[in-house]
Every structure is written in C-alpha cells, then in structure tokens.
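J.: Here's a structure for you.
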Amino acid sequence: MTKDSMLIAGNWKMNGLSAALAELQAIAAGLPAACAQADIAALVCLPASLLSRGAEAVRNSRLALGGQDCHFADSGAHTGDIAAPMLKDAGASYVIVGHSERRADHCETDELIHRKAEAAWRAGLVAVLCVGETLEQREQGAALEIVGRQCEAAIPAGAAADRLVIAYEPVWAIGTGKVPTRDNVAEMHNFIRQKLHRRFGEMGEKIRLLYGGSVKPDNAAALLSVPHVHGALIGGASLNHKDFLAIIAAAATLP
Ligand code: PEP
C-alpha cells in the first residue's frame, strides 16, 4: 500500500456542540490543500448528535463522516443506543467499534464487538475496529498475544478491505502523550498483517491498518512512515482543524 491509500481518521469522542461544526467545515475546506496531489482519505467520527448537521456542513467535500459506536441490533428496544442504519441514515459511512474507552466504560467484549462489526456491514458502513493492549499487558510481554486474541475474536468472517479497517491503539498511548517506539508499532502492525493474511488470504493484505494513540502534527510523519501503517486514528488532535490538517499534510508528503 502507498500513501495514496492512507486513511486519516478523527475521533471527536464526547466533544462537540453546534459551534464545533465550524471546525468540521474548516477541516473539509482545508483538505484539498493538505492532501496536495495525494489521494488521502479523511474521516471524522462525530458524536451522533452532530452527524446530520455535520453531513450537511461538509456536503460536496471529500471529508467522510462516521459514528463512534453502534448496537449489534438493527433496531429495537435498546434505550439510549444507536443502530448502524441510524448512523448511515444520518450521513455516516464509517463507524468505530471496540474503542478501548467503550471496552473500559461499557465492559465491551470481543464477542460483542464482533456482532457490532457485522451490524455495521449490514448497514453498509465501514467498521473501524480497534484493538490494543494495556500498559500492564505490554510490561508483562503479552501485547502480541492480547492483540492476537482480540483480532481472532472480534473480526468477523467476511472481512474485506472495503468494509473493515483495523486500528491498533495501545491503551496506554491514548490521550496520554506517550507513544510506542517505531519498532513496537512495526512489530505489532506486521503481526496483525500476518494474522489477517493467514485468515483472509490476499484480501487480508489489503485491509488498512491504522495506528492510534497520541498522534500529533510533530510525530505524525514518524508514525505514519512505519511499514504496514496505512493511516491514523486521532482523538485530541482531530478537534482542532489546524492540527488535523497538519497531520494529513504530513501523510501527504511521505514518499
Ligand atoms: C483515540 O481516541 O482513538 C485516540 C487515539 O486519542 P488520542 O489521539 O487523543 O490519543
């Protein structure tokens, strides 16, 4: 894969009132210049409350929108939840499933995340499925084993490059300013790539692997140039259009 197939994805988490739509519009407006000649895909996963208006605000731009979670059912008696077809209807084309904050805050298991990814696919959404180890697990030397198990249990059969993106996000790097070494990222991405290849054959080679965890304009080029890294999932730095566009520009200048 080349830089042309990179995906730079923002995750606004539980941030953003109506006023933040101006920031979203600034991202959309800045994309052509930030991408230069590169065909980089850009995505912002919004709070569900902003999706419809966000879709209106960035209509006719190349910025894609996503949700941050979906229920495994397509509709029904699940108060407070949101279904994948609702996200699609509101303007999303992607949805994050299995983010570590949902695993921690809502006790989400790999089996549940598996069902959510299938729900995303039924609705015609691309699932951005997150995996990653805690600091304790890394210090115990169990990072590969943990992520391997997450991949096996959470990724459904039928995975394909046009409907699945995997985001490797070490839990200890999210929102902390700490980042793994390039070697650690390379080792993990190579490991996930081998796993995907073994399970899905040639298609497994084409599924995008994102790195996520404290990606900022000043470390983006170093992280994005690691082999088998095809983009980034970005929390904090996606809330500010200048930082997010600077990360996209860094991706666009990679050889
Ligand atoms: C995230 O929310 O997935 C994330 C990686 O956050 P941050 O970039 O703030 O570490």
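J.: With the checklist (1) assigned to a loop (DSSP other than H, G, I, E, B); (2) open to solvent by less than 10 Å² (accessible area, probe 1.4 Å) in hand, flag the one item residue 141 doesn't pass.
T.: Evaluating residue 141 over (1) assigned to a loop (DSSP other than H, G, I, E, B); (2) open to solvent by less than 10 Å² (accessible area, probe 1.4 Å) leaves (2) as the failure.
J.: Looking at the structure I just gave you, is residue 150 within 16 Å of the ligand (Cβ to nearest atom), among the polar types (S, T, N, Q) and either open to solvent by 40 Å² or more (accessible area, probe 1.4 Å) or in a helix (DSSP H, G or I) (or both)?
T.: It is true that residue 150 is within 16 Å of the ligand (Cβ to nearest atom), among the polar types (S, T, N, Q) and either open to solvent by 40 Å² or more (accessible area, probe 1.4 Å) or in a helix (DSSP H, G or I) (or both).
J.: While we're looking at this one, here's another question. Among (1) open to solvent by less than 20 Å² (accessible area, probe 1.4 Å); (2) under 19 Å from the mean Cα position of the chain (by Cα), which single condition is residue 58 missing?
T.: (2)
J.: Can you go through 35, 45, 70 and tell me which one is in contact with a strand residue (DSSP E or B) (Cβ under 9 Å, 6 or more places away or on another chain), at pLDDT 95 or above and within 30 Å of residue 255 (Cβ to Cβ)?
T.: None of the other options fit; the residue is 45.
J.: Six or more apart or on different chains, Cβ under 6 Å: which pairs go from a residue in the stretch 84-103 that's of a type in the set (Asp, Glu) to one that's open to solvent by 30 Å² or more (accessible area, probe 1.4 Å)? Could you list them?
T.: Listed pairs, sorted by first residue: none to list.
J.: Can you work out which of the residues in the stretch 163-196 that are among the small types (Gly, Ala, Ser) and farther than 15 Å from residue 143 by Cα is most open to solvent (accessible area, probe 1.4 Å)?
T.: Residue satisfying both the conditions and the ranking: 175.
The values are calculated or read from the model by the stated rules, or taken from the named source; none is laboratory data. Predicted model, so just to flag it, every value in this text is computed and none were measured. Backbone-built Cβ (ideal geometry, glycine too); neighbour counts: all protein chains shown. When the accessible area is computed, the model is the full protein with side chains, heavy atoms only, and any ligands, DNA or RNA have been set aside. Shrake-Rupley method; radii C 1.70, N 1.55, O 1.52, S 1.80 Å.
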